[in-house]
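Written out below as structure tokens is the structure these notes cover.
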Amino acid sequence: MQKYFWILVCILLIVGCGKRSPYDTVLVSGTVLVDGVPMEGVSVIFSPVNPDEGHAAGSMTNAKGKYNLTTAGLDIGGGAVAGTYNVTFRKIEIEGNHLSMEEQEEKYPKGLPVIYHVPKKYENQNTSGIEPVTVEKNKKNVFDFNLSTKN
């Protein structure tokens, strides 16, 4: 699942900059809170439940936890295709990433530890507990999420 997440992020970054979408999209926005507090830098990914209905869209939250979705091939914040989506979230930090290779190998012989600012369970629709959302034409599509670091 992690591999697919990074493939999707790369596609969104490569294809999504500065192009007009051939898809009929609607604006989608919202807020991500973690334990009731806005969190900056959370990756928000909307993946279509049915691949024939919709196209993957994503965003990063700002300092207020706000996001505006972008579909691959669209200008930033251009929205999502109407459809039903699974929503996943991710924010990680690689500890020791600032160290030289030699220092990393000495301090972390088993590899650099990953710090999950958003619990790992939210990376996978099957473990997140987040129900799919439906993006609709001619409606205000605002989806707010309050993620928890507790069980």
TODO: Looking only at segment 54-65, decide whether some residue is of a type in the set (Lys, Arg) and either in a strand (DSSP E or B) or surrounded by 22 or more Cβ atoms within 10 Å (Cβ to Cβ) (or both).
DONE: no
Open item on the list: Quick check on Ala82: is it over 17 Å from the mean Cα position of the chain (by Cα), of a type in the set (A, V, I, L, M, F, W, C), surrounded by 13 or more Cβ atoms within 10 Å (Cβ to Cβ) and under 30 Å from Asp24 (Cβ atoms)?
Closed with: yes
Task: Gly16 more than 21 Å from Asn124 (Cβ to Cβ) and either surrounded by fewer than 21 Cβ atoms within 10 Å (Cβ to Cβ) or at pLDDT 95 or above (or both) - done: yes
- [ ] Among what's in segment 141-151 and is modelled with pLDDT of 95 or more and not polar (S, T, N, Q), pick the residue that is farthest from Met101 (Cα to Cα).
- [x] Val142
Task: Yes/no for Lys150 being over 24 Å from Asn68 (Cβ atoms) and either among the polar types (S, T, N, Q) or in contact (Cβ under 8 Å) with a residue 40 or more places away in the chain (or both) - done: yes
TODO: Kindly indicate which of Lys107, Lys137, Lys91 is loosely packed, with under 15 Cβ neighbours inside 10 Å and at pLDDT 90 or above.
DONE: Lys137
Open item on the list: Can you go through Leu33, Leu74, Leu69, Leu8 and tell me which one is within 23 Å of Ser128 (Cβ to Cβ), modelled with pLDDT under 75 and crowded, with 16+ Cβ neighbours inside 10 Å?
Closed with: Leu8
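When residues of segment 131-146 are filtered for being aromatic (Phe, Trp, Tyr) and outside any loop (DSSP other than H, G, I, E, B), how many remain? Don't jump to the end; show me each part of the working.
Filtering segment 131-146 for residues aromatic (Phe, Trp, Tyr) gives 143, 145.
Now restrict to residues that are outside any loop (DSSP other than H, G, I, E, B): 145.
Within segment 131-146, residues that are aromatic (Phe, Trp, Tyr) and outside any loop (DSSP other than H, G, I, E, B) number 1.
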Open item on the list: Suppose the filter is in a loop (DSSP other than H, G, I, E, B), hydroxyl-bearing (Ser, Thr, Tyr) and either more than 22 Å from Thr25 (Cβ to Cβ) or out of contact with any helix residue (DSSP H, G or I) (no Cβ under 6 Å at 6 or more places or on another chain) (or both); does Thr149 pass it?
Closed with: yes
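The values are calculated or read from the model by the stated rules, or taken from the named source; none is laboratory data. Just so you know, these numbers come straight off a predicted model, no measurement behind them. Every residue, glycine as well, gets a Cβ built from its backbone with ideal geometry; the counts of neighbours run over all protein chains shown.
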